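Trainee: Please see the structure below; I have some questions.
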Protein chains: 2
Amino acid sequence: MTAAVERESLTLDPADWAPTRALAHRMLDEMLDRLEGIGQTPAWRETPSEVVAALAEPLPGDPQGLERVWEDFRRQVLPYSALNIHPRFWGWVMGSGSVEGMLGEMLAGALNLNAGGANVAGTLVELQVLQWCRSMMGFPASSGAALVTGGSTANLVALAAARDAILGPEAEQGVQASGRRLSFYGSVETHNSVPKALRMLGIGSSGWRAVPTDSDFQIDLGRLQQMIAEDQAAGYRPAGIIGNAGTVNTGATDDLPALLAITRREGMWLHVDGAFGAIAALSPALRPIVRGMEQADSLAFDLHKWLHVPYDAGCVLIRDREAHRAPFTQPGSYLTRMDRGPGAMPVLFGEFAPELSRAFRALKVWVAFKAHGSAIYGRLAEENVAQAAYLAGRVSAEPELELLAPVPLNIVCFRYRGPRPAGDEELNELNRQILMQLQCDGIAVPSHTALNGRFAIRAAITNHRSRRADFDILVDAVLSIGRKLAVQRSGDRVIG
Amino acid sequence: MTAAVERESLTLDPADWAPTRALAHRMLDEMLDRLEGIGQTPAWRETPSEVVAALAEPLPGDPQGLERVWEDFRRQVLPYSALNIHPRFWGWVMGSGSVEGMLGEMLAGALNLNAGGANVAGTLVELQVLQWCRSMMGFPASSGAALVTGGSTANLVALAAARDAILGPEAEQGVQASGRRLSFYGSVETHNSVPKALRMLGIGSSGWRAVPTDSDFQIDLGRLQQMIAEDQAAGYRPAGIIGNAGTVNTGATDDLPALLAITRREGMWLHVDGAFGAIAALSPALRPIVRGMEQADSLAFDLHKWLHVPYDAGCVLIRDREAHRAPFTQPGSYLTRMDRGPGAMPVLFGEFAPELSRAFRALKVWVAFKAHGSAIYGRLAEENVAQAAYLAGRVSAEPELELLAPVPLNIVCFRYRGPRPAGDEELNELNRQILMQLQCDGIAVPSHTALNGRFAIRAAITNHRSRRADFDILVDAVLSIGRKLAVQRSGDRVIG
């Protein structure tokens, strides 16, 4: 009896709420301090070896209590995890988050809603957020839409819909039963999530064509059409084109109206990967760059990049709602709809995305968009684009630096070339070292890429905390580190 | 100049942090109040039509401010979103969340870490959590592991690995180029995320075999072997078996050692879907139920169900790490590894899951597991299983109720059959009405399923807040509503 009573008192809830409540407020306060003062911390900091060792803790069998966990977090995690929330972070392409986003996560964590589509207000919030996403991107209210983990999943969902729309009634039997070979096309600058999605979808490398680009890193339309014709002659069914609205390397946008015309002529699907570039549509000044996007069959874009919703959040829009739904709909007797109560589901979100159980991602979007209004996102994008132009201008004005690609949007690829001519191989290694030093000194975090065999320091500016002075700090530091390393290296060479 | 200055001041950060901070504390306090008092609210409440109308708000262009958003949330969302955090929620299969989980989400929201694998402490936290997941489930430290959105994605990842392991070197070219037809097997009770994943993977219905079950809802091993032989004769390559550790309808677990033996004999892959059932492994008393699971080639389980981590969080374990990695690895010049700095990535998590950019899910798991210790999860599972037995006992003891399936774990399927004999059709409709009334009265939220054509009220008990008295409330309410509706219906019939 005692054992039964004891077990009946088991719960994860606190036995005494007061100390947990007090600690929770301290945690919140310190996280707000952190966000308020983030510019005064290093942009990156190496995790010390004793912390690495402490984190390698075996699964705790006994409770440590929240107070101890908080102390571990403060000592072991917090100081060594600053990255994309910092004003001088421009690595890869990441959003900066926001206080509202953080609070949205907190509210969602408390509700703990499984956003599968049950008849609760949260489902209506998500339906509304989807409608906002459509309207931001100029897609009709009748289109399919889903919140997903990000651009990779958005691409996967859209390409699944594309594949099955082209296969038609055979799709349900699976690619393996169709006896057909589909081919998809995108420039060599296309994000790796596209070939990754195609492999998941059973298309694989046999159905992926990486089309060369021109000097602006946009897809070569002539080569594209030639490749389509070659595939048709070889028995492939050209199924879809992936147009880029903002490539990851340089921010290039393909000629979307031209791609649209090709897909219409050839009976193909146009998918636009607008992971961050799609956000240009929110600015009247930038919108012409992504013209045509709103007529695509499908569009993938992230909310956690240039819209600064905390990780993770992305969106996929698919013009033909039934084409969106088809690949993801499987019956389940435990899912049949009721007339009233929570089972009177207004929608089953799992029919539009890989997941059945789902996080209530929509809440943080709802909180952030309502708090800030949508207009600011277009203005922030304009500001980042202006900062990219400013940085490109500073690079161009410095004889020791050079731009490695045009700057059509918010990404600047450049390198230190030093005072004397040097070969690419030497400069590649020098710039690798400059970049790592810049990061390890905690000054700034751009990342890198390779463009035509050249190592580029790459600043992808999707940051609402950056100021022009931050880019001056970047340029000055690259010059100073570059000069020091160049001297050192030529010294090494003399000595060697 | 004024315009430039004004734009340079643009940010999503508060102009004045003090009021935002004060509001954030009020939000936190109220959410803690909510969790503390959740048992005193209805288990479900209809969203009133004026709230439905208010939520249908067009995308706000101008900022509303956080204060207004909070008020909207409190009036429009919070009162109509209680569901799985309530002590009398047993619908579908959902976890209850926890204060620690909510705070973990808050911390992750503030860090806003893109958990892609950068050289930051957060990556080490995730690697450690993955090691904890392996050790909980008895998988070797050398196995592949990934945190994903949940069981659906975990099944997708595991089946992608299975497919490509069977295809071998041809896998990279894609299913469509292989010229082979694979077949996968699981009982008719298998979760719909499995055929859904197979369709995504290009296998489709041509490669999915739903095998009949015995009276315990376990896969019929004789029929399974017969179907494998038939497929071999028909030119299919039997590729994998999906074993259930806890089916969604009744909590049945297949004979996993027998399935393992078949896959070893036939050169097939054994995947175990242990969405919630796998958690039985954490209890010495329940572990025998899922014996054999730890020897599977892959295992999917949820952290947001019986481990009560907030939505979303799931895990996939794959014994052969390279087989795990193969389908998800695509190069990207912007992703090459550096020697030091944030780009000296200890791991690229995107090589083990569909996403490249990823939420820092691991943090809430780390906080919860450290705070509570792992042992309590096994004890909580035992308690829920004991509650299921208690509920089943009460159902069996009531002549007006009947069990519709065995109760091997934590799921109880039953119905009201009334004082007089009645046909299934009549009882199906009666029990539908009983269930909806029970939910609409806010008393309790079981869900439903269909078993051999019979509508079942289904209580899936994965709830750390439930007490035995809650099940008494359920039984008493079903009887009382059932009697009332039965009288009403027989009255209708007399009148009609």
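Trainee: Go through region B:192-246 and count every residue that is within 21 Å of B:Ala405 (Cα to Cα) and in contact with a Phe, Trp or Tyr (Cβ under 6 Å, 6 or more places away or on another chain).
Mentor: 2
Trainee: Something else about it: Which condition from (1) within 13 Å of another protein chain (Cβ to nearest Cβ); (2) out of contact with any Pro (no Cβ under 6 Å at 6 or more places or on another chain); (3) open to solvent by less than 10 Å² (accessible area, probe 1.4 Å) is the one that B:Ser183 breaks?
Mentor: All conditions are met except number (2).
Trainee: Turning to a different aspect of this structure: Of the conditions (1) under 25 Å from A:Ile203 (Cα atoms); (2) surrounded by fewer than 24 Cβ atoms within 10 Å (Cβ to Cβ); (3) over 21 Å from the mean Cα position of the chain (by Cα), B:Asn192 fails just one. Which one is it?
Mentor: Going through the list (1) under 25 Å from A:Ile203 (Cα atoms); (2) surrounded by fewer than 24 Cβ atoms within 10 Å (Cβ to Cβ); (3) over 21 Å from the mean Cα position of the chain (by Cα), B:Asn192 breaks only (3).
Trainee: Okay, moving on. Does A:Arg415 satisfy the criteria of being in contact with a helix residue (DSSP H, G or I) (Cβ under 6 Å, 6 or more places away or on another chain), outside any loop (DSSP other than H, G, I, E, B) and more than 23 Å from A:Arg465 (Cβ to Cβ)?
Mentor: Criteria met by A:Arg415.
Trainee: Collect the residues in region B:279-313 that are away from chain A (no Cβ under 11 Å), β-branched (Val, Ile, Thr) and closer than 14 Å to B:Ser374 by Cβ, keeping them in residue-number order.
Mentor: Listed by number, the list holds a single entry, B:Ile279.
Trainee: Among the candidates B:Arg287, B:Arg265, B:Arg291, which residue alone is in contact with a helix residue (DSSP H, G or I) (Cβ under 6 Å, 6 or more places away or on another chain) and surrounded by fewer than 17 Cβ atoms within 10 Å (Cβ to Cβ)?
Mentor: B:Arg287
Listed here are the residues, each with its yes/no results for (1) open to solvent by 30 Å² or more (accessible area, probe 1.4 Å); (2) farther than 17 Å from B:Gly151 by Cα.
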| residue | (1), (2) |
| --- | --- |
| B:Arg209 | yes, yes |
| B:Asp214 | yes, yes |
| B:Phe217 | no, yes |
| B:Asp220 | yes, yes |
| B:Gln225 | yes, yes |
| B:Thr247 | no, no |
| B:Leu260 | no, yes |
| B:Ala280 | no, no |
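Trainee: Looking at A:Ala141, A:Ala118, which is the one that is surrounded by fewer than 24 Cβ atoms within 10 Å (Cβ to Cβ) and either at the interface with another protein chain (Cβ under 7 Å from one of its Cβ atoms) or in contact with a helix residue (DSSP H, G or I) (Cβ under 7 Å, 6 or more places away or on another chain) (or both)?
Mentor: On inspection, the qualifying residue turns out to be A:Ala141.
Trainee: Right, another one. Which condition number does A:Met102 fail, the rest of (1) part of a helix (DSSP H, G or I); (2) surrounded by 23 or more Cβ atoms within 10 Å (Cβ to Cβ); (3) more than 23 Å from the chain's Cα centre (by Cα) being met?
Mentor: Just one mismatch for A:Met102, condition (3).
Trainee: Please work out if A:Gln173 is modelled with pLDDT of 95 or more, surrounded by fewer than 23 Cβ atoms within 10 Å (Cβ to Cβ) and out of contact with any strand residue (DSSP E or B) (no Cβ under 8 Å at 6 or more places or on another chain).
Mentor: So A:Gln173 fits the description; yes.
Trainee: Somewhere in region A:287-299, is a residue more than 24 Å from the chain's Cα centre (by Cα), at positive phi and assigned to a loop (DSSP other than H, G, I, E, B)?
Mentor: Checked against the condition, which is being more than 24 Å from the chain's Cα centre (by Cα), at positive phi and assigned to a loop (DSSP other than H, G, I, E, B), region A:287-299 yields no hits at all.
Trainee: May I pose another question? From B:Thr123, B:Thr153, grab the single residue that is more than 7 Å from chain A (Cβ to nearest Cβ) and touching a residue at least 60 places away in the same chain (Cβ under 8 Å).
Mentor: B:Thr123
Trainee: Next question, about the same structure. Please specify each residue of region B:321-351 satisfying the condition of being facing chain A (nearest Cβ under 7 Å) and either open to solvent by 20 Å² or more (accessible area, probe 1.4 Å) or among the acidic types (Asp, Glu) (or both).
Mentor: Matches in region B:321-351: B:Gln330, B:Pro331, B:Ser333, B:Asp339, B:Arg340.
Trainee: Now, a different point. Can you find, within region A:8-65, the residue that is surrounded by the fewest Cβ atoms within 10 Å (Cβ to Cβ) among those that are of a type in the set (Lys, Arg) and more than 7 Å from chain B (Cβ to nearest Cβ)?
Mentor: A:Arg26
Trainee: In this structure, is B:Ala110 over 30 Å from B:Gly274 (Cβ atoms), crowded, with 23+ Cβ neighbours inside 10 Å and either modelled with pLDDT under 95 or facing another protein chain (nearest Cβ under 7 Å) (or both)?
Mentor: yes
Trainee: Something else now. Do you know which residues across region B:442-456 are surrounded by fewer than 24 Cβ atoms within 10 Å (Cβ to Cβ), within 15 Å of B:Asn428 (Cβ to Cβ) and of a type in the set (Gly, Ala, Ser)?
Mentor: B:Ala450, B:Gly453, listed by residue number.
Trainee: Could you list, in sequence order, the residues of region A:352-392 that are more than 7 Å from every other protein chain (Cβ to nearest Cβ), touching a residue at least 40 places away in the same chain (Cβ under 8 Å) and hydrophobic (A, V, I, L, M, F, W, C)?
Mentor: Listed by number, the residues that qualify are A:Phe352, A:Ala353, A:Ala362, A:Leu363, A:Val365, A:Trp366, A:Ala368, A:Ala381, A:Val385, A:Ala388, A:Leu391.
Trainee: In region A:66-91, which residues are open to solvent by 10 Å² or more (accessible area, probe 1.4 Å), farther than 21 Å from B:Gly343 by Cβ and facing chain B (nearest Cβ under 7 Å)?
Mentor: If the condition is that a residue be open to solvent by 10 Å² or more (accessible area, probe 1.4 Å), farther than 21 Å from B:Gly343 by Cβ and facing chain B (nearest Cβ under 7 Å), then A:Leu66, A:Gln76 are the ones that fit.
Trainee: Within region A:298-320, which residues are open to solvent by 10 Å² or more (accessible area, probe 1.4 Å) and closer than 19 Å to A:Thr247 by Cβ?
Mentor: Within region A:298-320, A:Lys305 is the sole residue that qualifies.
Trainee: Kindly indicate whether any position in region B:123-131 is open to solvent by less than 10 Å² (accessible area, probe 1.4 Å), among the hydrophobic types (A, V, I, L, M, F, W, C) and farther than 30 Å from A:Trp17 by Cβ.
Mentor: Looking for residues that are open to solvent by less than 10 Å² (accessible area, probe 1.4 Å), among the hydrophobic types (A, V, I, L, M, F, W, C) and farther than 30 Å from A:Trp17 by Cβ, one finds at least one in region B:123-131, hence yes.
Trainee: Now for a separate question. Does region A:420-435 contain any residue that is buried (at least 20 other Cβ atoms within 10 Å of the Cβ) and touching a His at 6+ places or on another chain (Cβ under 6 Å)?
Mentor: Within region A:420-435, one or more residues are buried (at least 20 other Cβ atoms within 10 Å of the Cβ) and touching a His at 6+ places or on another chain (Cβ under 6 Å).
The values are calculated or read from the model by the stated rules, or taken from the named source; none is laboratory data. Just so it is clear, the model here is predicted, and its values are computed rather than measured. Note that each Cβ is placed from the backbone with ideal geometry, even for glycine, and that neighbours are counted across all protein chains shown. Quick note on the areas: whole protein, heavy atoms, side chains included, nothing else; ligands and nucleic acids left out. Shrake-Rupley method; radii C 1.70, N 1.55, O 1.52, S 1.80 Å.
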